[in-house]
Every structure is written in C-alpha cells, then in structure tokens.
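The values are calculated or read from the model by the stated rules, or taken from the named source; none is laboratory data. All of these numbers come straight from a predicted model, not from anything done at the bench. Don't worry about glycine lacking a Cβ; one is built from the backbone with ideal geometry, like all the others, and counts go over all protein chains shown. For the accessible areas, the whole protein counts, side chains as well, though only heavy atoms, and no ligand, DNA or RNA atoms are used. Shrake-Rupley method; radii C 1.70, N 1.55, O 1.52, S 1.80 Å.
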Amino acid sequence: MNIGILTGGGDCPGLNAAIRGVTRRSIDNYNYNVVGIKNGWDGLVKGEVEALTLLSVSGILPKGGTILGTSRKNPLKKEEDLNKVKENIKKFDIDVLAVIGGDDTLSVADKLCEMGIQCVGMPKTIDNDISGTDYTFGFDTAVSIVTDAIDRLHTTAESHHRVMVIEVMGRHTGWIAVIAGIAGGADCILIPEVPFSISNMVKLIKQRQNRGKNFSIIVVAEGAKPEESDDYISSTGKVDDFGHKILGGIGELVGEAIEKESGVDTRVTKLGHIQRGGTPTAFDRVLATRMGVAAADLVRDKKFGYMVALQGNKITSIPIKEAISVQKKVDLELYDIAKVFFG
Ligand code: F6P
C-alpha cells in the first residue's frame with residue numbers, strides 16, 4: 001500500500017504533527033510506504049513528490065507550518081491539471097491520498113473520490129468551520145495567540161483610555177473571535193454570523209464609560225459585515241483559486257467609524273498571519289497526532305471518502321461529503337454568553 005500525504009490551503013499549527021501521525025502509524029504498524037506531495041494539489045499537478053521515512057518525520061511534532069509546503073491550488077479548475085493529477089497518481093503508484101485540509105482542499109478530495117481516486121481526509125484550519133468535528137487542529141493555537149494579544153491590548157487601552165479594535169481571522173465564521181473574545185474579556189465581538197451596527201457599538205462604549213470604564217476592546221472577525229451591507233471587506237480585492245476573496249480591512253473601517261461617532265481615541269490592530277504561525281499548543285499537537293494516526297487506520301479499514309473527526313472526546317470518522325456540505329457556524333448560544341459581557 002502506498003499512501004501520498006498532502007497539506008492544502010492555509011497552513012496552521014499541527015500540520016506536521018498530523019503528517020508524523022499518519023507516517024508513523026503507516027510505516028511502524030502497517031508496513032505501508034508513504035510519500036509526501038509538495039505544496040498541496042500543486043505538487044500533484046507538477047509531480048513533486050518525496051519519500052517520507054521515520055527519519056524525515058522525526059522532530060517535526062512541535063514545528064509550526066508544514067514540512068510539505070502548501071498552496072491554494074485548485075486542480076479541478078483546468079482539465080489539463082486534473083489529467084496531470086491522474087497521471088501522477090499512476091506514475092508514483094499512489095493507492096490512497098491522505099488529504100489534510102480545510103473545506104476547499106477537502107472538496108477537491110471529495111470530487112476525486114467520485115472519480116474513483118481513493119482518499120481519506122483530516123480537518124485542519126484555524127477557522128474551526130468544518131462540520132461534523134467539534135474541533136479542527138490549528139484552532140486552539142490561534143485562539144491562544146489572539147487571547148494573549150487581547151490581554152496585551154487591555155493594558156495599553158486602559159492606560160490611554162482608548163478603544164482598541166482587533167481584527168482576527170475567520171473568513172465565514174467567527175469561532176476565533178468568539179472563543180478568544182470570551183477568554184480575553186472583550187467588550188464587544190463582531191462575527192460574520194451576526195451583522196453589526198456601529199451605533200450599537202457606540203452605545204456599548206458609552207455604557208462602559210458610564211460605569212467608569214473609559215476604555216474598550218472590540219474584537220472583529222475579518223468576515224464580519226455591517227447590517228447595511230452584504231459584501232465582505234477585502235482591502236486588496238484579491239481572489240484565490242477557489243474564488244474566495246482575500247479578506248481584511250474591516251477592523252480599520254470599524255475603528256474609523258467608532259472614533260467618528262463616539263469621539264473616543266481609537267486604534268486598530270490586525271493580527272493577520274501571526275495567528276497561523278509558530279508552534280502548536282499541546283491540545284493541537286495531541287489532536288493532530290490522534291487524527292493522523294486515525295487517518296492511517298481509515299486506510300487500513302478501506303474507509304475511503306471518509307474524514308477523521310473529533311466528537312466529544314472520541315476520534316471517529318464521517319463522509320468527507322458531509323463535512324464539507326455546510327460550514328460549521330458559531331453556536332449562537334455561545335455568542336449569547338459572550339454578549340453577557342458586552343458593554
Ligand atoms: O483559511 C484560514 C485562513 O487563515 C482564513 O482565516 C483567512 O481568511 C485566510 O486563511 C487567509 O489566507 P491567505 O493564506 O491566503 O492569506
């Protein structure tokens with residue numbers, strides 16, 4: 001049995017732990033051969049493949065990023081790319097693709113499965129928006145980075161009596177914003193799931209001032225939208241291979257509007273890719289390791305078309321199709337808890 005592992009889409013902490021998990025289980029326990037495909041689907045189009053050995057995955061557990069490289073390449077966009085994918089799977093004698101990705105990367109795996117190519121999946125993304133799994137790895141690390149940033153912004157906000165707006169990642173869902181916002185004691189959290197109004201926010205800021213708190217921390221997910229608009233904010237206007245806008249800029253808009261309407265000195269911090277960098281937390285290392293090992297077990301059990309998932313405290317598996325059918329939105333009961341502390 002030859003397994004080809006690839007990591008696609010945005011990188012996140014825990015990818016290397018997952019690569020190590022699949023590789024160790026496959027070689028040590030099942031005597032499979034494992035190859036690493038470079039730079040996501042792009043490497044399968046170009047035929048960039050290298051052997052993965054016990055030695056090559058040794059020492060990578062705590063490393064951020066992915067030793068295989070990644071890309072946002074969509075190999076289904078052009079027929080010639082898809083043909084190359086098929087040719088290279090044959091050329092490198094790959095029996096199963098072990099695909100580590102978010103919704104875009106996994107949606108390609110799903111389509112390849114329909115074409116008869118055997119795939120298993122592992123859900124990764126700091127956004128935590130894959131259905132059927134309680135957590136994706138990478139999310140916990142991003143939350144801890146954002147929580148630390150909110151703590152730091154508190155002390156400077158309090159000293160200068162300012163409003164601090166912090167823009168965090170979360171393209172279609174506000175998981176990072178809500179969980180880190182609750183952990184960091186945010187005074188308002190804006191998420192894609194709930195359109196916001198600047199005048200409400202200004203009310204909250206005034207309410208705090210009346211309680212003697214003359215600073216506020218506002219956490220904004222990059223995909224948050226004002227009530228009056230249905231468009232995501234993208235300061236660069238760039239679009240990726242899957243047709244998604246590269247988001248960013250909502251923090252600046254919110255900050256400017258708050259300063260204008262409230263008259264309170266306001267500063268904006270965009271955390272950006274710091275949220276995806278560096279070593280994974282212990283939780284993400286363990287989750288990615290468990291998922292990697294479980295993905296090799298899916299291959300053993302010939303459960304092709306399935307993705308490993310965390311449900312409660314157990315690793316289980318669900319059809320990839322089900323996982324990508326709908327984005328896992330923020331639980332509004334959780335958002336209600338965050339709202340208790342607004343203002
Ligand atoms: O998908 C994860 C994510 O970090 C999103 O939160 C964000 O919108 C996007 O990736 C940014 O991607 P890029 O790597 O293209 O900057």
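Descriptive notes on the structure:
- Exactly one residue among 240, 231 is within 16 Å of the ligand (Cβ to nearest atom), open to solvent by 70 Å² or more (accessible area, probe 1.4 Å) and under 25 Å from the mean Cα position of the chain (by Cα), and that residue is 231.
- Listed by first and then second residue, the pairs linking a residue in the range 322-343 that is on the phi > 0 side of the Ramachandran plot to a residue that is surrounded by 14 or more Cβ atoms within 10 Å (Cβ to Cβ) and not in a helix (DSSP H, G or I), with Cβ atoms under 8 Å apart and 6 or more places separating them unless they lie on different chains, are 343/187; 343/188.
- Residue in the range 223-243 that is more than 30 Å from residue 17 (Cβ to Cβ), at pLDDT 95 or above and part of a helix (DSSP H, G or I) present: no
- Counted residues, the range 119-133 - those being under 12 Å from the mean Cα position of the chain (by Cα) and polar (S, T, N, Q): 2
- Filtered by the rule that a residue be among the charged types (D, E, K, R) and assigned to a helix (DSSP H, G or I), the range 268-298 gives 276, 284, 285, 290, 297.
- Search result, residues across the range 114-130 that are open to solvent by 10 Å² or more (accessible area, probe 1.4 Å), assigned to a loop (DSSP other than H, G, I, E, B) and out of contact with any strand residue (DSSP E or B) (no Cβ under 7 Å at 6 or more places or on another chain): 115, 116, 125, 127
- The test for being modelled with pLDDT of 95 or more and under 20 Å from residue 247 (Cβ atoms) does not hold for residue 163.
- Residue 255 in a loop (DSSP other than H, G, I, E, B) and open to solvent by less than 70 Å² (accessible area, probe 1.4 Å): no
- Single condition residue 288 does not satisfy, out of (1) within 20 Å of the chain's Cα centre (by Cα); (2) surrounded by fewer than 22 Cβ atoms within 10 Å (Cβ to Cβ); (3) within 22 Å of residue 143 (Cα to Cα): (2)
- Count of the range 26-65 residues which are closer than 27 Å to residue 277 by Cβ, part of a helix (DSSP H, G or I) and touching a helix residue (DSSP H, G or I) at 6+ places or on another chain (Cβ under 7 Å): 3
- Just one of the listed residues (153, 68) is away from the ligand (no atom under 16 Å from the Cβ), crowded, with 18+ Cβ neighbours inside 10 Å and either of a type in the set (S, T, N, Q) or not in a strand (DSSP E or B) (or both), namely 153.
- Applying the criterion of being in a helix (DSSP H, G or I) and open to solvent by 10 Å² or more (accessible area, probe 1.4 Å) to the residues of the range 9-25, the residue that is nearest to the ligand (Cβ to nearest atom) is 20.
- Out of 260, 321, 339, 302, sole residue that is open to solvent by 80 Å² or more (accessible area, probe 1.4 Å) and part of a loop (DSSP other than H, G, I, E, B): 302
- Evaluated against (1) open to solvent by 20 Å² or more (accessible area, probe 1.4 Å); (2) in contact (Cβ under 8 Å) with a residue 60 or more places away in the chain, residue 296 falls short on exactly one condition, (1).
- Test: residue in the range 174-184 that is open to solvent by 10 Å² or more (accessible area, probe 1.4 Å), among the aliphatic types (A, V, I, L, M) and in a strand (DSSP E or B): no
- Evaluating residue 194 against the criteria (1) closer than 22 Å to residue 152 by Cβ; (2) open to solvent by less than 60 Å² (accessible area, probe 1.4 Å); (3) of a type outside the set (S, T, N, Q) leaves one unmet condition, (1).
- Residue in the range 105-118 that is farther than 27 Å from residue 310 by Cβ, more than 23 Å from the chain's Cα centre (by Cα) and away from the ligand (no atom under 16 Å from the Cβ) present: yes
- Some residue of the range 157-180 being more than 16 Å from the ligand (Cβ to nearest atom), farther than 15 Å from residue 276 by Cα and without any contact (Cβ under 8 Å) to a residue 24 or more places away in the chain: yes
- Looking only at residues of the range 243-252 that are farther than 16 Å from residue 190 by Cβ and surrounded by 15 or more Cβ atoms within 10 Å (Cβ to Cβ), we find that the one that is nearest to the ligand (Cβ to nearest atom) is 246.
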